[in-house]
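First up is the structure itself, then whatever we jot down about it.
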Amino acid sequence: MLVERLGLRAALRTPFRRLSGGQQQRLSLAMAVVGRPELVFLDEPTSGLDPQARRATWELVRELKDDGVTVVLTTHLMDEAEQLADQVIIIDHGRVVAAGSPHRLHASQAVGSLRFEGPPGLDLESMLTQLPPASEAREVSAGTYVVHGDGGPRLLAAIAAWCAARDVMPEGLRTDRRTLEDVFLELTGHEMRQ
């Protein structure tokens with residue numbers, strides 16, 4: 001039952017204006033999906049919700065999608081879009097600046113990064129000559145290195161080959177997975193908006 005799933009049982013006799021913001025949000029969601037419509041518009045459905053209610057809302061949205069309901073979701077929460085959306089449209093100042101699946105949007109912004117630990121003071125200028133064009137490398141703290149560039153397998157192979165040629169073991173070599181929020185910031189800028 002929708003009332004149970006959204007944690008509204010205790011508020012059944014409470015007037016809407018006396019409900020908390022989270023309860024009002026959950027009630028609005030319940031009213032939007034009652035009767036399993038074919039199309040649902042959800043505007044910031046998890047705004048003001050605690051983590052449990054947020055997860056319950058995500059699960060409800062997934063079930064709607066699985067049942068063939070088209071869900072149009074607006075959100076500023078990129079992790080929410082990443083979890084729930086099949087297609088994402090990023091809008092900046094009223095213009096569409098990107099559209100596609102979360103996976104495609106990740107791939108469209110090729111810059112990624114790799115991190116590893118090694119001996120302090122590695123010759124990063126020498127490393128850069130072996131990396132794909134437009135790569136950057138820096139030692140962020142003694143013996144900890146971050147390399148930005150085309151985050152694909154070529155970058156990983158080039159770093160591994162450079163290290164092997166110098167008998168350097170890149171400890172803890174890992175890729176930093178870019179999030180949809182990273183893509184959003186790259187496309188729209190990092191500055192606060194008025």
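Structural remarks
- The set of residues in segment 29-60 that are surrounded by 14 or more Cβ atoms within 10 Å (Cβ to Cβ) and over 21 Å from D79 (Cβ atoms) comprises A30, A32, V33.
- Criterion violated by S20 - all others in (1) over 19 Å from E80 (Cα atoms); (2) under 28 Å from the mean Cα position of the chain (by Cα); (3) not hydrophobic (A, V, I, L, M, F, W, C) satisfied: (2)
- Check on V72, surrounded by fewer than 17 Cβ atoms within 10 Å (Cβ to Cβ) and under 20 Å from D176 (Cα atoms): no
- Sole exception among (1) surrounded by fewer than 15 Cβ atoms within 10 Å (Cβ to Cβ); (2) in a helix (DSSP H, G or I) for P120, by number: (2)
- Residue count for segment 2-51, restricted to those that are in a loop (DSSP other than H, G, I, E, B), on the phi < 0 side of the Ramachandran plot and of a type outside the set (D, E, K, R): 13
- Residue list for segment 135-194, restricted to those being among the basic types (K, R) and in a loop (DSSP other than H, G, I, E, B): R166, R177, R178, R193
- Among (1) basic (K, R); (2) in contact with a Ser or Thr (Cβ under 6 Å, 6 or more places away or on another chain); (3) part of a loop (DSSP other than H, G, I, E, B), the one test that R54 misses: (3)
Every number in this text was worked out from the coordinates using simple rules, so none of it is lab data. This one's a predicted model, so the numbers in the text were calculated from it and none came from an experiment. All Cβ positions, even for glycine, are placed from backbone atoms using ideal geometry, and neighbour counts span all protein chains on display.
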